[in-house]
Structure formats: structure tokens, C-alpha cells
Amino acid sequence: MTELGAVPTGIDTSTPNVARIYDYLLGGKDNFAADRQAAGQLIAAIPDVAAIARDNRSFLGRLPTQANVHELAQGVAPDVRVVYVDNDPVVASHGRALLASRDRVAMAFADLCQPDSVREHPEVRGLINWAQPVAVLCTSTLHFVSDEAKPHAVIAEYRDHMAPGSYLVITHGTAEEDPAGERDKAAGVYREASSQLRVRPLPEVRRFFDGFELIEPGLVWISEWRPEPGTTRIGRRRSMRGGVGRKP
């Protein structure tokens with residue numbers, strides 16, 4: 001379908017949503033006209049932004065770009081349990097419908113920036129045992145969290161409730177090279193969306209991994225994080241930084 005189906009009453013579909021923009025960039029169909037218009041503006045500002053989105057998805061497992069996290073994970077370990085978290089009611093509702101027939105995977109309507117509510121959510125409690133090693137994935141997410149929301153403290157709270165041997169996975173836009181002013185153009189697009197873009201200096205991104213041991217090769221460009229032999233990136237070499245940390 002080219003547009004989401006029935007929308008819950010009171011939902012503003014005229015405001016672009018960052019998750020649905022991302023869905024459109026990946027070739028998905030779970031988006032509205034406002035999301036597609038914003039995605040078009042992003043493409044005008046950063047012509048290879050869709051390729052960067054695919055590289056970001058490939059970072060998760062170096063598999064075909066539209067594979068979802070639970071498909072990647074269960075392809076390696078069939079018994080793994082996965083919970084997606086989103087604070088957009090349309091995304092959460094549609095996610096629940098898509099995952100209704102799946103085993104060991106669920107969608108939680110909750111806010112990443114409220115770790116207690118995420119951990120205590122019935123869907124999370126039903127599938128995730130925080131006394132055992134878990135993986136928390138924040139791919140292309142934290143650069144949509146404002147400084148006022150204290151994202152470093154948020155991640156630290158998750159870390160403090162994660163068992164030893166757990167992992168933190170992050171991809172994040174950084175305030176590094178931007179000769180064409182693309183970052184400001186993208187920020188202008190997201191200024192009208194559900195969340196604003198907040199790229200950060202590399203040291204600030206590295207701080208998210210405080211209390212974790214960075215796995216080699218460290219916090220690097222996503223296309224350079226353990227690429228599969230014989231594969232090539234789709235977008236530019238220097239797009240976003242990505243890293244994986246292990247809690248000792």
C-alpha cells in the first residue's frame with residue numbers, strides 16, 4: 001500500500017514523522033504524504049540519503065537492507081526475543097498489527113527517554129529478562145533526542161540495569177565533515193517533523209559508551225564496521241558513526 005490504513009482518532013498525519021520518513025527512504029510503504037514530502041526534501045538536500053539509510057540498516061547485520069532486527073537476530077539464534085519501542089502511536093499500532101502473528105517479538109508503545117516505563121512495559125517484561133545479557137539498539141535514533149532530554153543520562157540508566165555481557169549498539173550523525181552544508185539543510189527539514197535533528201561532536205557520541213568496552217574496530221564510519229568480504233557500501237564512505245559496546 002502507498003499509505004497507512006486506518007489511523008487512530010486524534011493523530012496528526014500532517015506532521016512528518018522521523019520513523020515514517022526513514023521507512024520511506026528504505027523503500028517501505030508505511031508512511032503518509034507529509035512523510036514522503038519531507039523525504040523528498042531530504043533527498044534534495046542530501047542526494048544519497050536513501051543509500052545512507054540502507055547502509056545504516058546493513059550495519060545491523062550486513063544482510064539485505066529491508067530485513068528487520070528480529071529477522072536478522074532470529075536468523076542467527078531462533079530463540080532470541082525482540083521488542084521494538086516507539087513513542088509514535090501510529091507506528092506502534094501498525095507495528096503491533098504486523099507482528100501480531102510472530103513468536104518472541106513484540107511492539108511497545110513507550111518513550112526511549114523514559115527507561116523505567118520501557119523496562120516496566122508489559123510487552124518488554126513479557127519477553128526481556130534484564131537479569132540476563134541483552135542488547136539495546138539505538139540505530140539512527142539518538143540524534144533525534146534533544147540535549148534537554150539528557151540522552152547520555154538516559155543511556156546510562158539503561159546501562160545500569162543491563163546484566164554483564166550485555167551490548168549497546170549505536171549509529172549517530174556527527175558534527176564532522178560537512179563541506180556542502182548538508183547537515184543544516186537536513187536539520188531544516190526535520191525542524192518541521194516530529195523530532196528535530198541533533199548531530200553531535202564525535203566525543204559526545206563516544207560518551208554514550210561510558211561503562212562499556214567498545215568492540216573492535218570501535219566507533220567508526222558505519223561502512224567500515226566489519227564489512228563483509230566482497231560487499232560494498234551503497235552510500236558515501238563517511239555518513240554516520242557506528243559502534244558496539246559490551247558491558248563488562
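Overview of values
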read-out: Cross-chain or 6+ apart pairs with Cβ under 6 Å, region 84-113 first and on the phi > 0 side of the Ramachandran plot, then open to solvent by 30 Å² or more (accessible area, probe 1.4 Å) and in a loop (DSSP other than H, G, I, E, B); value: 104/81
read-out: Within region 20-43, considering residues that are in contact (Cβ under 8 Å) with a residue 24 or more places away in the chain and open to solvent by 30 Å² or more (accessible area, probe 1.4 Å), the one nearest to residue 183 (Cα to Cα); value: 41
read-out: Condition check for residue 220: in contact with a Ser or Thr (Cβ under 7 Å, 6 or more places away or on another chain) and open to solvent by less than 70 Å² (accessible area, probe 1.4 Å); value: no
read-out: Per-region count, region 176-185, residues in contact (Cβ under 8 Å) with a residue 60 or more places away in the chain and either surrounded by 11 or more Cβ atoms within 10 Å (Cβ to Cβ) or not in a loop (DSSP other than H, G, I, E, B) (or both); value: 3
read-out: Count of residues meeting criterion [assigned to a loop (DSSP other than H, G, I, E, B), more than 28 Å from residue 77 (Cα to Cα) and in contact with an Asp or Glu (Cβ under 8 Å, 6 or more places away or on another chain)] in region 31-62; value: 3
read-out: Matching residues in region 216-240 - criterion: being out of contact with any Asp or Glu (no Cβ under 8 Å at 6 or more places or on another chain) and at pLDDT 95 or above; value: 216, 218, 219, 220
read-out: Considering residues of region 186-217 that are open to solvent by less than 20 Å² (accessible area, probe 1.4 Å) and part of a loop (DSSP other than H, G, I, E, B) only, the residue farthest from residue 41 (Cα to Cα); value: 209
read-out: Residues of region 122-167 satisfying the condition of being assigned to a loop (DSSP other than H, G, I, E, B), closer than 24 Å to residue 184 by Cβ and not hydrophobic (A, V, I, L, M, F, W, C); value: 140, 141, 146
read-out: Some residue of region 156-175 being farther than 22 Å from residue 117 by Cβ and without any contact (Cβ under 8 Å) to a residue 40 or more places away in the chain; value: yes
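The values are calculated or read from the model by the stated rules, or taken from the named source; none is laboratory data. Please read these numbers as outputs of a predicted model, since none were measured by experiment. For neighbour counting, all protein chains shown are included, and Cβ atoms are generated from backbone atoms with ideal geometry for every residue, glycine included. What goes into the accessible areas is simple: the full protein's heavy atoms, side chains included, and nothing from ligands, DNA or RNA. Shrake-Rupley method; radii C 1.70, N 1.55, O 1.52, S 1.80 Å.
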